[in-house]
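S.K.: If you scroll down you'll find the structure; I have some questions about it.
The values are calculated or read from the model by the stated rules, or taken from the named source; none is laboratory data. The shown structure was predicted, so the numbers you read here are calculated from the model rather than taken from an experiment. Methodologically, a virtual Cβ is constructed for each residue, glycine included, from the backbone with ideal geometry; neighbour enumeration extends over all protein chains shown.
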Amino acid sequence: LMSTRWSPTPEQLQSLEEMYRHGVRTPSAEQIQQIVAKLRRFGRIEGKNVFYWFQNHKAREKQRKRRRLEL
């Protein structure tokens with residue numbers, strides 16, 4: 001089975017970004033399951049997708065901040 005990379009649907013992305021804006025940074029296992037349950041109706045999504053999305057989003061934000069400071 002060839003696993004294809006997960007890419008969030010526009011609705012999933014919008015929801016994730018909204019949660020991030022409201023202060024969600026490292027969701028608990030329980031929160032991750034709730035997020036998956038909520039976003040599954042928009043398309044394929046798993047707990048690890050949510051976990052890594054928040055991890056990556058946090059890292060990218062930190063990178064952007066650092067870059068702005070260097071300028």
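S.K.: Restricting the search to the range 1-17, which residues are modelled with pLDDT of 95 or more, surrounded by fewer than 14 Cβ atoms within 10 Å (Cβ to Cβ) and not polar (S, T, N, Q)?
M.R.: Residues satisfying the conditions are Pro10, Glu11, Glu17.
S.K.: Would you confirm, using the coordinates I've provided, whether Ser28 is among the hydroxyl-bearing types (Ser, Thr, Tyr), at pLDDT 95 or above and touching a helix residue (DSSP H, G or I) at 6+ places or on another chain (Cβ under 9 Å)?
M.R.: no
S.K.: Of the conditions (1) surrounded by 10 or more Cβ atoms within 10 Å (Cβ to Cβ); (2) on the phi < 0 side of the Ramachandran plot, His22 clears all except one; give me its number.
M.R.: (1)
S.K.: I would also like to ask the following. Any residue at all in the range 30-43 that's touching an Asp or Glu at 6+ places or on another chain (Cβ under 6 Å), surrounded by 15 or more Cβ atoms within 10 Å (Cβ to Cβ) and without any contact (Cβ under 8 Å) to a residue 40 or more places away in the chain?
M.R.: Yes, that holds for at least one residue.
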